[in-house]
Amino acid sequence: MIRLSASIVLSACLSLGLVACGDGGGEVAILNIDPPNGATQGRPIKIEGRNFRTDIGYTVFFGTRRSEQVTLIDPETMVVLAPQVDDPGVVDITIRADNGDAFIIHDAFEYQAIAGGIVDRMGEGPEKQQGGGLAY
């Protein structure tokens with residue numbers, strides 16, 4: 001789990017003019033991306049923060065790829081579906097609010113090449129997986 005320092009994120013956003021006010025009038029802060037990595041096939045990602053506005057929508061990009069699903073749970077939690085990509089690597093996450101505000105979290109998510117999952121090996125017994133014989 002990656003923990004982002006609110007003051008560092010806010011300082012970076014302030015210098016770029018990227019801070020917005022939430023429902024309670026406070027500045028939006030991005031505190032955590034959970035998990036900070038995942039398969040290139042995409043997966044749900046929780047973005048934790050403060051003062052997400054519930055009266056507007058958000059668009060989230062992983063690198064240059066737009067998430068097809070963004071759900072605002074409450075003013076502190078957003079769940080997004082990381083889009084599928086072709087190649088592993090580290091990408092920025094950009095959050096754009098419908099009111100025009102934007103937040104860039106540099107090097108926030110790492111796509112990983114994950115292969116050989118349990119579904120890929122279904123129907124194979126231990127002898128097939130280990131090249132013969134049991135490995136007990």
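The values are calculated or read from the model by the stated rules, or taken from the named source; none is laboratory data. In this text the structure is predicted, and so the values were computed from the model without any measurement. Here Cβ is always computed from backbone atoms with ideal geometry, including for glycine, and neighbour counts include all displayed protein chains.
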Got at least one residue in segment 59-67 being in contact with a Leu (Cβ under 8 Å, 6 or more places away or on another chain), more than 14 Å from ASP107 (Cα to Cα), modelled with pLDDT of 95 or more and not in a strand (DSSP E or B)? yes
Please find, within segment 27-58, the residue that is surrounded by the fewest Cβ atoms within 10 Å (Cβ to Cβ) out of those that are among the basic types (Lys, Arg) and part of a loop (DSSP other than H, G, I, E, B). ARG43
Which residue is farthest from PHE109 (Cα to Cα), if the candidates are limited to segment 35-54 and must be of a type in the set (D, E, K, R) and in contact with an Asp or Glu (Cβ under 7 Å, 6 or more places away or on another chain)? ARG53
Scan (1) modelled with pLDDT of 90 or more; (2) surrounded by 13 or more Cβ atoms within 10 Å (Cβ to Cβ); (3) outside any strand (DSSP E or B) for the single condition VAL91 breaks and write down its number. (3)
Closer than 19 Å to GLN112 by Cβ, in contact with a Ser or Thr (Cβ under 7 Å, 6 or more places away or on another chain) and modelled with pLDDT of 95 or more, is that true of PRO83? yes
If we keep just the residues of segment 113-136 that are surrounded by fewer than 11 Cβ atoms within 10 Å (Cβ to Cβ) and modelled with pLDDT of 65 or more, which is farthest from VAL80 (Cα to Cα)? ALA115
